[in-house]
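First comes the structure, then the notes that go with it.
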């Protein structure tokens, strides 16, 4: 999930994982459907403000950042 209130549009996620993220017209990161899991994690780890969070679907536990 990308928290639109936190994202500042650094594009770090896109640079780290262009197959998983893009920057929308509003300057905020957007996840791309069907992205490989390793790319999703790479983009999330690259976010300097922690705007991208990933949760385990089974437990709801925060996985990253």
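The values are calculated or read from the model by the stated rules, or taken from the named source; none is laboratory data. The structure presented is a predicted model; accordingly, all values stated were derived computationally and were not measured. Cβ atoms come from the backbone with ideal geometry, glycine included; neighbour counts cover every protein chain shown.
Considering only the range 24-43, state which residues are part of a helix (DSSP H, G or I) and either under 15 Å from residue 4 (Cβ atoms) or touching a helix residue (DSSP H, G or I) at 6+ places or on another chain (Cβ under 7 Å) (or both).
42, 43
Of all residues in the range 44-62, which are touching a helix residue (DSSP H, G or I) at 6+ places or on another chain (Cβ under 8 Å) and outside any loop (DSSP other than H, G, I, E, B)?
Residues satisfying the conditions are 44, 45, 46, 52, 54.
Considering 38, 26, 3, 56, which residue is loosely packed, with under 12 Cβ neighbours inside 10 Å and in contact with a strand residue (DSSP E or B) (Cβ under 9 Å, 6 or more places away or on another chain)?
Answer to the check: 56.
Can you tell me which residue within the range 9-21, out of those that are at pLDDT 95 or above and part of a loop (DSSP other than H, G, I, E, B), is farthest from residue 32 (Cα to Cα)?
10
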